[in-house]
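Taken together, the values in this text are just the output of simple stated rules run on the coordinates, not laboratory data. Values in this document were obtained by computation on a predicted structure and should not be read as measured data. For neighbour counting, all protein chains shown are included, and Cβ atoms are generated from backbone atoms with ideal geometry for every residue, glycine included.
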Amino acid sequence: MPGNNRASKRQSVEINGMIYDRQGKQLAKCMLRNISAGGAQLELLQEVDVPKDIVLSLSREGHVKRTCEKVWQFATVLGVRFKVAS
């Protein structure tokens, strides 16, 4: 895993999520493993090559979504940075 050079502390969680591409196509189910103000670590249920820009849904109904940038990926685990809405 990459070193810890985060700007804010991460909190351990276990939240089911879904990863979508920018056009809204479902790419993979995931588990949110930890989260901070600036990003999160996700664990995929199966290995998928996740694109750089994604949308992460954190609710079953898809009402809670965050636009993210993939920072790193190692097999089924990836780190994402939350993008600021413009």
Small (Gly, Ala, Ser) and within 12 Å of the chain's Cα centre (by Cα): does that describe Gly79? yes
Take the residues in the range 35-73 that are among the polar types (S, T, N, Q) and buried (at least 18 other Cβ atoms within 10 Å of the Cβ); name whichever of them is farthest from Lys9 (Cα to Cα). Ser57
Looking at (1) closer than 15 Å to Phe74 by Cβ; (2) hydrophobic (A, V, I, L, M, F, W, C); (3) touching a Ser or Thr at 6+ places or on another chain (Cβ under 8 Å), can you tell me which one Cys30 breaks? (3)
Only residues that are part of a loop (DSSP other than H, G, I, E, B) and small (Gly, Ala, Ser): list them for the range 46-86, please. Ser59, Gly62, Ala75, Ala85, Ser86
Filter the range 12-28 down to the residues that are of a type outside the set (Val, Ile, Thr), surrounded by fewer than 15 Cβ atoms within 10 Å (Cβ to Cβ) and not in a loop (DSSP other than H, G, I, E, B), then identify the one that is nearest to the chain's Cα centre (by Cα). Asn16
